[in-house]
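The values are calculated or read from the model by the stated rules, or taken from the named source; none is laboratory data. Everything numeric here is computed off the predicted structure, so don't read it as measured data. For neighbour counting, all protein chains shown are included, and Cβ atoms are generated from backbone atoms with ideal geometry for every residue, glycine included. Side chains included, ligands, DNA and RNA excluded: accessible areas come from the protein's heavy atoms. Shrake-Rupley method; radii C 1.70, N 1.55, O 1.52, S 1.80 Å.
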Amino acid sequence: MRSNELFIGGRWSQPSTDQRIDVIAPHTEQLVASVAAAAPADVDTAVEAARAAFDAGPWPRLDPAERIEAVRRLAKIYGDRRAEMAETITSEIGAPISFAQRAQVGLPAMMMTAFCDLADTYPWTEARRGMYGADIHIRREPVGVVAAIVAWNMPQFLIVTKLIPALLAGCVVVLKPAPESPLNALLLAEMLAEAGLPPGVVSVLPGDAPVGEYLVKHLGVDKVSFTGSTAAGKAVAAACAADLKRVSLELGGKSAAIVLDDADPAAVAAGVRSASLSNSGQICNALTRILVPAARADEFTDALATEMTSLVVGDPTDAATQVGPLVAERQQERVLGYIESGQREGARIVVGGTDMPDGIDCGWYVRPTLFDHATNSMRIAREEIFGPVLTVIAYADEDEAVAIANDSDYGLAGSVFTADTDRGLSVATRIRTGTFGVNQGYTMDPFAPFGGVKASGYGRELGREGIDGYTDSKSISVAAKGT
Ligand code: NAD
């Protein structure tokens, strides 16, 4: 890996300073790698290269089919290096390797191809007849230089859902991965170099939040595509407003699973486990508030407790591990703090707690923890915890369940579990979120738009809408003959 260089405008370059980012393995607490960190001067160079590529280079002017061909070339290279990418992600963020192979890398690999398929049929141009008889040509044109800033929890997924549609639309991209997870981004940069895109089209700048802020405020940037916390998202939105930059925000969540009174407890527990405890609970659309009918609360709580007790917690490099460590000590402390707050506010721990998992004495682990006897006003029900902690809240009837689900600052996802799909679909229409699942956690699909409302942000990724976000429509009106 090119750990001493930055990928600027498609070329490996010396960084402007000797600042480094140390990557620590979350399960051993040992140094995995030390890589060059970007500084503002590197941002300037990358944006300048991007600006030149966008304003005068070939990439935005290619026929969409030629860009699709280049991205398919990248997808092939990516597919050949999937195993290496999964091991890299596990080493830096501690994601269980089986999850890393399937979702952290398998999913982005599939997304690359799916986006190319979508771009094949995307309406890049459209003809309309205007009200006064003019021929109107509508062109979807690229928005320009894109700053893509991502979180560490699903690093390749987040990068691919920004980078690939942006490239297909004809944009050029300056990518800033999170400081917790620079290695996968540098590996992708190697693949981008091999795919042979024109100069200036992509830069990869590992760096901390101030470097992100500098990039967001850079006047050479046309659009910011941000995934991260709601607090940082608000700062990004404010900075973009100052210069009228386009911005899309994929932020936090506190999604509810509404368990209806006709649901099967074992199916609910299995669905919630997969939706909420994969990636050790560090998933933006995790179902973390489990709303159960008061009359059957014990049955559902017992099924969830059985499921959570059966989870294999351990070394993320072991194929049998289902829950690994959290990404950083800071994150472990934060999650343990929430468990203590739940106890203080009167919720009951059914399984888990603040002790280290059995047989583990090193690494940033938290036991999978289930609370019940909770109310929706407790911090564990209102704030995003981002760890393996679930909260059961009892409701009296369906209307109250819907009211509790909607009583949240967030609006990213949610689910309903029921034996009656029509009843589930009817509940789905009453919940104010950007995505919703019936009898499963919301599953990311390359053909369906994903994103949030309220404090979960705005803008959509994936699906055709995921390409829309990197285009502007231009209308060209040709006077009708004889006018
Ligand atoms: P974070 O907001 O601290 O950091 C995210 C990224 O933004 C990092 O690259 C960071 O360096 C950068 N950054 C931070 N402050 C910035 C600023 N003011 N200007 C520019 N860049 C800045 O978030 P995190 O702790 O790394 O990630 C976890 C959060 O991300 C959770 O809230 C989670 O829900 C959210 N997330 C959302 C989605 C989604 O699709 N909605 C997906 C994954 C993660």
note = Computed over the chain, the relative contact order (Cα-Cα under 8 Å, seq sep at least six) in percent reads 18 percent
message = I'd like the carbon and sulfur percentage of the solvent accessible area for the chain, probe radius 1.4 Å, heavy atoms only, ligands and nucleic acids excluded.
response = 51 percent
task = Could you work out the local net charge near D55, counting Lys and Arg as +1, Asp and Glu as -1, over the other residues with Cβ closer than 14 Å to its Cβ?
result = -1
task = Could you provide, to the nearest whole Å², the per residue accessible area of region 90-152 with probe 1.4 Å?
result = 40 Å²
Lysines whose Cα lies under 16 Å from that of K234, excluding same-chain neighbours fewer than 8 positions away = K217, K223, K245, K454
message = If you restrict to DSSP beta bridges whose two residues both lie in region 255-446, what percentage is antiparallel, to the nearest 5?
response = 15 percent
task = State in Å² the accessible area per residue of region 1-74; use a 1.4 Å probe, count heavy atoms of protein chains only, and round to the nearest integer.
result = 49 Å²
request  = Kindly work out what percent of the DSSP beta bridges joining two residues of the chain are antiparallel, to the nearest 5.
outcome  = 45 percent
key: Size-normalised alpha-carbon gyration radius of region 254-337, reference 2.2 N^0.38 Å   = 1.18
For region 255-446, accessible area per residue (1.4 Å probe, heavy atoms of protein chains only), Å² = 39 Å²
key: Förster radius 51 Å - calculated FRET efficiency between D55 and R430, Cβ distance, rounded to 0.05   = 0.60
query = region 389-449: which trypsin sites (Lys or Arg not before Pro) are DSSP loop and have at most 16 other beta-carbon atoms within 10 angstrom?
reply = R430, R432
ask   = At what distance in nm do the modelled label points of Q30 and E340 sit from each other, each positioned 7 Å from its Cα along Cα→Cβ?
value = 3.1 nm
task = Work out the FRET efficiency for A270 and A241 from their Cβ-Cβ distance, taking R0 = 41 Å, and round it to the nearest 0.05.
result = 0.40
key: Mean Cα-pair separation over length for region 40-163, i.e. relative contact order, pairs under 8 Å, 6 or more apart, %   = 25 percent
